[in-house]
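Below: one structure, written as structure tokens.
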Amino acid sequence: QLMDKGNHRHFMQKEIYEQPVVVAQTLRSYLRPVEEQVALPDMAFDLSTVERVAIVACGTASYVGMIGKYWIEQFARVPVEVDVASEFRYRDPVLTPGQLGVVISQSGETADTLAALRHMKTHGLMTAGIINVPTSSMAREVDLLLSTHAGPEIGVASTKAFTCQLAVMAALATNLARAKGRLSPEEEQEIVRHLREAPQALSHALAHDDDIQAMAGKIAAARDVLYLGRGPDYPLALEGALKLKEISYIHAEGYASGEMKHGPIALIDDQVPLIVLAPSGPLFDKTVSNMQEAQARGAQVVLISDARGIAQAGENTIATIEMPEVHPLIAPLVYAVPVQLLAYHVAVAKGTDVDQPRNLAKSVTVE
Ligand code: AGP
């Protein structure tokens, strides 16, 4: 039953569409609606003693770690390092007591991430894991299991696990901020309110599927695609590029918007689509000015923003994709949807094997 695609053509599509439900399901175990608080399961260590955080993961899960760095540093003022797991052990990182090690993994079996977790434990770190498979090796070995309730993810391209991991990361950042005395009850109530809006905002994002499908043909013909984003939407640009690469086999790169002028802008001509992730908010104008630098050089821009942002900057684009207007905290969850759908429709247009892309395994259990 669980392995059924339902009305969907591919597992990936089904899993993209499950997001409002599974994110709500995940948030349910972290939000206390009556108290308007974000809660974590009981733990054997005291979050107020955490002085530094080391986050380790692979691929899509590592982008959750990068977004977590923005959130934890902003809310809790605790310094965070993020590593891809294959680099972590071998660079002999400085690990000190008072550091919290966080691993993020859908499968809980990724060999590099599991080895990084064991390395952290050997060095005496407190550990937490944002993990989807509760019976996995990582789930058994972490001190604090922070479960995502995404249900089985079958498509090799990770989609619903990503947004559920972000929801749990927001809960972790909020708890750390409270433990550090950096969060007033009013600020916490506001975070709870925004997180509770996330499932509906995801549904609104999904409602734009037809617009995305309609423009996917323009991207399917490209040889290279660039994605730009700023702040927490920068890791999402990386995620967009990874999704497109892995299932459509089109070369794609994600960049921090402000980095484009330090090199990649040389690639821009009228053959290179530029996907710009720019929700309204404090970073909007800066991202748009980077986008305009590229437009002046002929870039074929797809602007993903809300109605306000599109009204302001939607001219001279090949397409705009409208997202609901959301608080910057939940923007990375909501903007994940068009990024996933774009990769999905481009892959379908190209006729690739969406659920089983060549050379890839769902869970990478070798180093
Ligand atoms: C994402 O679409 C990937 N297929 C891949 O990057 C994946 O996220 C990575 O291998 C990590 O897997 P895990 O979450 O099961 O540890």
Next on the checklist: Please list, ordered by chain and number, the residues whose modelled amide H lies under 5 Å from the amide H of ILE55; skip anything fewer than 5 residues away on the same chain.
Outcome noted: GLU81, VAL82, ASP83, VAL102
Item to check | Entries in LYS5/LYS160; LYS218/LYS286; LYS69/LYS243; LYS245/LYS286; LYS5/LYS245; LYS5/LYS218 that, when Cα-Cα distance is taken, lie over 19 Å | outcome: LYS218/LYS286; LYS69/LYS243; LYS245/LYS286; LYS5/LYS245; LYS5/LYS218
Next on the checklist: Within 15 Å, Cβ to Cβ, of THR317, how many net charges do the neighbouring residues add up to if Lys/Arg are +1 and Asp/Glu are -1?
Outcome noted: -4
Checklist outcome for this item: Taking trypsin sites (Lys or Arg not before Pro) in a DSSP loop with at most 10 other Cβ atoms within 10 angstrom as exposed, one finds the longest site-free stretch of the chain at 1-222
Checklist entry - Per 5 Å bin, what percent of the C-alpha pairs of the stretch 207-350 does each bin hold, from zero upward? => result 2, 11, 23, 26, 22, 12, 3, 0
Checklist entry - Which residues' amide hydrogens lie under 5 Å from the amide hydrogen of ILE275, considering only partners 5 or more residues apart or on another chain, with H built in the peptide plane? => result LEU226, TYR227, LEU228, VAL302
Next on the checklist: To check you understand DSSP bridge types, tell me what percent of the beta bridges within the chain (both residues inside) are antiparallel, rounded to 5.
Outcome noted: 5
Next on the checklist: Using C-alpha positions alone, give me the convex hull volume of the chain per residue in cubic angstrom.
Outcome noted: 133
Checklist entry - Among bridges DSSP assigns within the stretch 11-199, what percent are antiparallel (round to 5)? => result 10
Checklist entry - Hey, what did the stretch 11-137 get for relative contact order, percent, Cα under 8 Å, at least 6 apart? => result 23
Next on the checklist: I'd like the distance between the alpha-carbon centres of the stretch 185-257 and the stretch 338-367, rounded to an integer number of Å.
Outcome noted: 16
Checklist outcome for this item: Taking the chain and counting helices only, DSSP H stretches of n ≥ 4 at -39,500 (n - 2.57) each over all residues, the nearest-500 ellipticity at 222 nm comes to -14000 deg cm²/dmol
Item to check | Calculated from backbone phi, Karplus (6.51, -1.76, 1.60) coupling profile of the stretch 214-224 in Hz, x at Gly/Pro | outcome: 5, 9, 4, x, 5, 7, 4, 7, 6, 8, 10
Checklist entry - What are the ³J(HN,Hα) values, in whole Hz, obtained from phi via the Karplus relation 6.51 cos²θ - 1.76 cosθ + 1.60 with θ = phi - 60°, for each residue of the stretch 261-271 in sequence order, with x given for Gly and Pro? => result 6, 9, x, x, 4, 5, 7, 5, 8, 6, 9
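None of the figures in this text is laboratory data; all of them are computed from the coordinates on show. Nothing here was measured: the structure is a model prediction, and the numbers come from that model. Here the Cβ is made from the backbone with ideal geometry for all residues, glycine too, and neighbour counts use every protein chain on show.
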